[in-house]
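The values are calculated or read from the model by the stated rules, or taken from the named source; none is laboratory data. Given the structure is predicted, the values throughout are model-derived calculations rather than measurements. Methodologically, a virtual Cβ is constructed for each residue, glycine included, from the backbone with ideal geometry; neighbour enumeration extends over all protein chains shown.
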Ligand SMILES: Cc1cc2nc3c(=O)[nH]c(=O)nc-3n(C[C@H](O)[C@H](O)[C@H](O)COP(=O)(O)OP(=O)(O)OC[C@H]3O[C@@H](n4cnc5c(N)ncnc54)[C@H](O)[C@@H]3O)c2cc1C
Ligand code: SF4
Ligand code: SF4
Ligand code: SF4
């Protein structure tokens, strides 16, 4: 193909607004551009002056899909600033809440955003006819994720129960038993998901880059831990500014980020690359079956990493509930003593490393806030991947190349409204 | 153990009725002729109302417009104001609606026998009154004079124009008509002005006359004052009230005025009763 | 004929669109009943004419004004969904500062690359036919509104304060637990989900038509909140209704 | 009907059996209050409580209650829908039972509401004397602190045991099936009467006149400035009516499936305190202000219901007193103020 002129205005099946431009003439790549047009909302500005008790309510609104991650990052930032250590029960419930979000978010991406590409359709709606079973399986799993968040958090989008140092409402023993049953029942659907994705042919593409995620000595890190890079090893979370190095590019309302190379990756694949050994046995088994092992430099495998993590979280969920039931759910006094200071909260959102950094004044209102969003950290790497993907696929026609590029972007499961918070 | 009973005695269960004819009355009003699917008569008293359902949209209380003296079908004159009435206006002959009732007290028909009837209708108020007017016409010999005072905003808003023509031709009905305003191009022989401007022309025997008044709430105060001026007794001025209404049976509480329920104790009230209610300033 | 439906997003977190996708159980029936011709978050296909356009998100850029006007031209019924679209929502918190300052705070030196205007609800830009508030919208309400539109009636708009459903749902009022709440002046219809879920009412559904603001201020003050606290509280979702508050 | 006793420990194990075989709604802790809820285990039951957040009416008039179902396609058909299941309400206080007596009058009087009636007749009522009344309750002065005789079983806590009065043959059956009883001794009955008498003296709120005088007081109070004074603060939030055991008003709505083939008509709780309760299509609102609505509610409680159904519309539970965030809903406060001011203001 000598001349290619791809311009995708507002990429679909993706959270947020992004454009894609690819220009090739005479077999030479002229331009490859990943552009973010999302309207910025200026959360760091909005956070100024917010009282501690509703900061997490506000930042939750950064993202409808990963509202739990934003809540937990901000709750932990506030707790760190006030020197609060939440109880074991609170941590377990937060993990459980997280199980819901990871399942919901990954399944939403896998079935409703990515799958239509593999089956040559425009949307899961249109797959209702040809692949009804798969769509319904996806819907059931998504509902399960939502159900977990409803039971633990109050509702699926912007759950309300989690507060600084505790939960405003606790699930009952009966709720948890019920939830455990639902997680167990979902195992066959998860197996079908493995089989389904095993059957999809992922584009062959690999590019060596850096993978960054949280890591924790005792667990597959989601809601706590320190930073780890496949290139440079460990770092504490307060070193995040040296890791993320955010910078602006004129064509993107979202910031880009880079570490030791020109770009790095966060997200499911980064976590698996860093913490593979800590995966739940069920998830490890699925990983083997799907041919995923660290270190994997294939961006399309992020889809597979999401399948594996979904299974990990379902398994974890059951274990967490067992632990909660063993100890018995107790009403806890939620006490908060306000003090001035700075606190950093770091979690692994479904799409990767998320950091909230709050500085509080004397009266418990925020004076300064900074949020580092997963997708921001991926933008530069998406750009670099696209450049290489285009240059090694110049034999494809325009439509094929467009689809390939779109699939690549989608594989990152970018959350653009988040990244342009 | 869940028992799900299907009780046919439920007061909330409408009967099915078929639309047999739809006739436009004015821009926002249509007349519907209906018949119960089971072939039974409704057997209502003029002044009573039914709850009409458009299934899936809701129910609305609508006065009977027809007289029980005719065949088993019945008529409802309906103005479009909201959801149920809009849905009703979409109906075609052959369509089905639900009917509960008749509800309410209606006009005290036997008490009215032998008396002169002064009907005062404002706008849509003619719909409920028509039921009594036609009843009186059908049993003409049982009543004294029949006078109809009918006020609308504009000539084009007059309802039942065909029937009005008929009634005007009859010797045994007196008709006084007014419109609030009359566009220059409209043919109009009646008075121009609010309905109360018709009263000076009115000659009645105050002892023999009962006034039956239906119209918008603001009309009542002025019309009642005129009736009183004419010397009609407080207990001989009958008014039909509109209130929000859901069940039609005194359960739902919406139509309550002090301690009376419009659906059970009304909708027809004597002015005398209303003077005792603190919440109606008629 | 199935009505053609478009779902559009502007300045927001897209949680309301996610709520639509969260109608997992009803999805087959929804798809059968509606001809969804535009829904960027979930599909690639796109149509150009809409019987119903659901709009998620506030308006905060000049380019969005243009797109909104275009949608209005192509749609019979326009329904903003969510706090951002109905009220401006949290986005309006930035309106307290001059826009160039806002840009600078976020982008520093690079501020000049970007543009932003004070955030505003959709109804401030184009006429709308109904609104479905909430942050996020309530799934059940979305389904109900669709059902009512399909059945051919104006959707029912709740106008009773959140307290009513809160009390009817058997919640212990948060004022009894030493917390404060915007429930008495906030439009219900959410089954007081935030109180039920362990928090307080933040006012995400906006004010009822005739809120007793004076009384609300009084109870917040007697619960120990300063006027500044009260304003902050109220502003979380309702900056654009600030006039009413003060 | 017999009066018996049972040891508390025995009673609680009987409750366990009752729960096994029946749908039992009992009083549970709901910090910092109590609430009726489905009982799963006997340990959840709290019979020594002061008030529940909501009255047990929800089991007789559920918040949403289907009335009819209909099919629109292929053919139009309508059926009434009545949902009821055999239920036991365990732990009801006397004032709430008085309220049920009023509901009976409303819904099973001249016109019978089958939806209510079906549930009512499927519901067994086991009550308990409230020996430690709630701070906001004024049931003693409303004459509702002792049970009307429409219960199936009635308990009084005598310390180590419950004295149980059997009130109906259904109560008799329940007692036979589940309880281990002995007949009560005279001294125990005397003890109950003393406990009851003591409890009456423990109410902190009370009417300054007898409850029977309320209608008369209200007759002279229509134009009293009190209504305005209170009404101005009203949120029109309906909280006072949502928690009230005698509030019965409802709205009716239709629901239809997405394919427009089937649907349901249901009622749901409404409130005369809502702004649009009396609004009609022409835009007229017959009680447009908080003042009008507040006055209507307190007249309904203190006069209209009595005149129509033979029972006062307020049983003095005190829930609305506490539920109202601006402290204006209290019937006892309003009626007492009117008594005080009766001489100062011209009657209407
Ligand atoms: C005894 C009786 C007899 C009647 N007889 C007749 C008759 O013969 N003919 C006739 O045409 N009408 C009659 N009516 C009036 C008729 O019942 C109403 O017009 C009808 O119920 C309107 O129903 P709807 O569903 O069409 O309107 P709705 O959709 O209920 O409402 C119509 C309008 O009312 C307003 N509205 C409704 N609910 C609310 C709310 N909650 N808050 C704010 N505004 C609201 C809206 O502005 C709306 O446009 C009678 C009424 C009564 C009580
Ligand atoms: S918690 Fe809030 S919404 Fe609920 S009753 Fe109290 S004030 Fe109203
Ligand atoms: S009016 Fe108030 S005190 Fe009286 S019964 Fe109702 S809630 Fe209880
Ligand atoms: S009286 Fe109080 S509880 Fe009742 S509606 Fe008014 S403010 Fe709400």
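Taking residue D:272, is it more than 20 Å from residue C:159 (Cα to Cα) and either within 14 Å of ligand 3 (Cβ to nearest atom) or in a helix (DSSP H, G or I) (or both)? I'd like the intermediate steps shown before the answer.
Numbers: more than 20 Å from residue C:159 (Cα to Cα): no; either within 14 Å of ligand 3 (Cβ to nearest atom) or in a helix (DSSP H, G or I) (or both): yes.
Judged against the criteria, residue D:272 is not a match.
The rows are residues; the columns are (1) more than 12 Å from ligand 1 (Cβ to nearest atom); (2) surrounded by 23 or more Cβ atoms within 10 Å (Cβ to Cβ).
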{"position": "D:254", "(1), (2)": "no, yes"}
{"position": "D:262", "(1), (2)": "yes, no"}
{"position": "D:267", "(1), (2)": "yes, yes"}
{"position": "D:270", "(1), (2)": "no, yes"}
{"position": "D:277", "(1), (2)": "no, yes"}
{"position": "D:283", "(1), (2)": "no, no"}
{"position": "D:288", "(1), (2)": "no, no"}
{"position": "D:293", "(1), (2)": "yes, yes"}
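Given the conditions (1) in a helix (DSSP H, G or I); (2) surrounded by fewer than 18 Cβ atoms within 10 Å (Cβ to Cβ); (3) touching a helix residue (DSSP H, G or I) at 6+ places or on another chain (Cβ under 8 Å), report the number of the one that residue D:120 does not fulfil.
Going through the list (1) in a helix (DSSP H, G or I); (2) surrounded by fewer than 18 Cβ atoms within 10 Å (Cβ to Cβ); (3) touching a helix residue (DSSP H, G or I) at 6+ places or on another chain (Cβ under 8 Å), residue D:120 breaks only (2).
Take the residues in the range B:215-260 that are in a helix (DSSP H, G or I) and within 14 Å of chain D (Cβ to nearest Cβ); name whichever of them is farthest from ligand 3 (Cβ to nearest atom).
Quick first cut of the range B:215-260, residues in a helix (DSSP H, G or I) only: B:217-229, B:234-236.
Next, from what is left, pick out any that are within 14 Å of chain D (Cβ to nearest Cβ): B:217-221.
On the way: B:217: 30, B:218: 34, B:219: 37, B:220: 33, B:221: 34 Å.
Going through the qualifying residues, I end up with B:219.
Taking the condition of being surrounded by 16 or more Cβ atoms within 10 Å (Cβ to Cβ), within 7 Å of another protein chain (Cβ to nearest Cβ) and away from ligand 4 (no atom under 11 Å from the Cβ), how many residues in the range C:160-180 meet it?
4
When you check residue C:74 against the structure, is it surrounded by fewer than 18 Cβ atoms within 10 Å (Cβ to Cβ), farther than 17 Å from residue A:418 by Cα, at pLDDT below 90 and in contact with a strand residue (DSSP E or B) (Cβ under 8 Å, 6 or more places away or on another chain), yes or no?
So residue C:74 does not fit the description; no.
Assess whether residue D:159 counts as being under 25 Å from the mean Cα position of the chain (by Cα) and away from ligand 4 (no atom under 16 Å from the Cβ).
no
Hey, which of the helices (runs of 4 or more DSSP H) in the range A:215-317, taking only ones fully inside, have at least 3 residues that are surrounded by 16 or more Cβ atoms within 10 Å (Cβ to Cβ) and at pLDDT 90 or above? Explain how you work it out, then say what you get.
Working: elements: A:240-244, A:268-275, A:281-290.
Helices (runs of 4 or more DSSP H) meeting the threshold: A:268-275, A:281-290.
Select from the range C:152-176 the residues that are part of a loop (DSSP other than H, G, I, E, B) and within 9 Å of ligand 2 (Cβ to nearest atom) and list them in ascending order.
C:169, C:171, C:172, C:173
Quick one: how many residues across the range D:241-260 are in contact with a strand residue (DSSP E or B) (Cβ under 8 Å, 6 or more places away or on another chain) and away from chain B (no Cβ under 12 Å)?
1
Select the helices (runs of 4 or more DSSP H) contained entirely in the range A:96-188, then report the ones holding at least 1 residues which are touching a residue at least 60 places away in the same chain (Cβ under 8 Å), within 12 Å of chain C (Cβ to nearest Cβ) and out of contact with any strand residue (DSSP E or B) (no Cβ under 8 Å at 6 or more places or on another chain).
By residue number, A:115-118, A:132-153.
List the number of the failed condition for residue D:238; all other conditions in (1) within 25 Å of residue D:326 (Cα to Cα); (2) within 14 Å of chain B (Cβ to nearest Cβ); (3) away from ligand 4 (no atom under 16 Å from the Cβ); (4) crowded, with 16+ Cβ neighbours inside 10 Å hold.
Of everything listed in (1) within 25 Å of residue D:326 (Cα to Cα); (2) within 14 Å of chain B (Cβ to nearest Cβ); (3) away from ligand 4 (no atom under 16 Å from the Cβ); (4) crowded, with 16+ Cβ neighbours inside 10 Å, residue D:238 misses just condition (3).
Check off (1) within 14 Å of ligand 1 (Cβ to nearest atom); (2) away from chain D (no Cβ under 14 Å); (3) in a helix (DSSP H, G or I) for residue B:85 and give me the number that stays unchecked.
(2)
Looking at (1) buried (at least 22 other Cβ atoms within 10 Å of the Cβ); (2) within 30 Å of residue B:12 (Cα to Cα), which one does residue B:209 not meet, given that it meets all the others?
Unmet condition: (2).
Scanning for something more than 16 Å from ligand 1 (Cβ to nearest atom), under 20 Å from residue A:150 (Cα atoms) and either in contact (Cβ under 8 Å) with a residue 12 or more places away in the chain or in contact with a strand residue (DSSP E or B) (Cβ under 6 Å, 6 or more places away or on another chain) (or both), does the range C:179-191 turn up at least one residue? Don't jump to the end; show me each part of the working.
So the first thing to find is which residues in the range C:179-191 are more than 16 Å from ligand 1 (Cβ to nearest atom), and the list is C:179-186, C:190-191.
Checking which are under 20 Å from residue A:150 (Cα atoms) leaves us with C:190-191.
Going one step further and asking which of them are either in contact (Cβ under 8 Å) with a residue 12 or more places away in the chain or in contact with a strand residue (DSSP E or B) (Cβ under 6 Å, 6 or more places away or on another chain) (or both), we end up with C:190-191.
The answer is yes; a qualifying residue exists.
In the range B:95-108, what residues are more than 11 Å from chain D (Cβ to nearest Cβ), in a loop (DSSP other than H, G, I, E, B) and closer than 18 Å to residue B:78 by Cβ?
The answer is B:104, and nothing else.
Checking the conditions here, which among B:56, B:94 is over 18 Å from residue B:239 (Cα atoms), over 19 Å from the mean Cα position of the chain (by Cα), buried (at least 23 other Cβ atoms within 10 Å of the Cβ) and in the same structural domain as residue B:13 (by TED's automatic domain parsing)? Walk me through how you get there before you give the answer.
Values: B:94 fails: buried (at least 23 other Cβ atoms within 10 Å of the Cβ).
Answer to the check: B:56.
Please determine whether any residue of the range D:287-297 is more than 16 Å from ligand 2 (Cβ to nearest atom), at pLDDT 90 or above and under 15 Å from the mean Cα position of the chain (by Cα).
No, the conditions are met nowhere in the range D:287-297.
Got a sec? Which helices (runs of 4 or more DSSP H) wholly within the range C:193-242 have at least 3 residues that are within 27 Å of residue A:170 (Cα to Cα) and facing another protein chain (nearest Cβ under 8 Å)?
Ranges flagged: C:193-196.
Here's the yes/no breakdown for (1) over 23 Å from residue A:48 (Cα atoms); (2) out of contact with any helix residue (DSSP H, G or I) (no Cβ under 8 Å at 6 or more places or on another chain):
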residue	(1), (2)
C:177	yes, yes
C:199	no, no
C:208	yes, no
C:220	no, no
C:225	no, no
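State the number of residues belonging to the range B:195-206 that are surrounded by 17 or more Cβ atoms within 10 Å (Cβ to Cβ) and under 13 Å from residue B:151 (Cβ atoms).
4
Looking only at helices (runs of 4 or more DSSP H) that lie completely in the range A:16-82, which have at least 1 residues being free of Cβ contacts under 8 Å to residues at least 24 places away in the same chain and touching a helix residue (DSSP H, G or I) at 6+ places or on another chain (Cβ under 7 Å)?
Where helices (runs of 4 or more DSSP H) fall fully within the range A:16-82 and carry at least 1 residues being free of Cβ contacts under 8 Å to residues at least 24 places away in the same chain and touching a helix residue (DSSP H, G or I) at 6+ places or on another chain (Cβ under 7 Å), they are A:43-47, A:52-60.
Is there a residue in the range C:183-192 that is within 14 Å of chain A (Cβ to nearest Cβ) and at positive phi?
Looking for residues that are within 14 Å of chain A (Cβ to nearest Cβ) and at positive phi, one finds at least one in the range C:183-192, hence yes.
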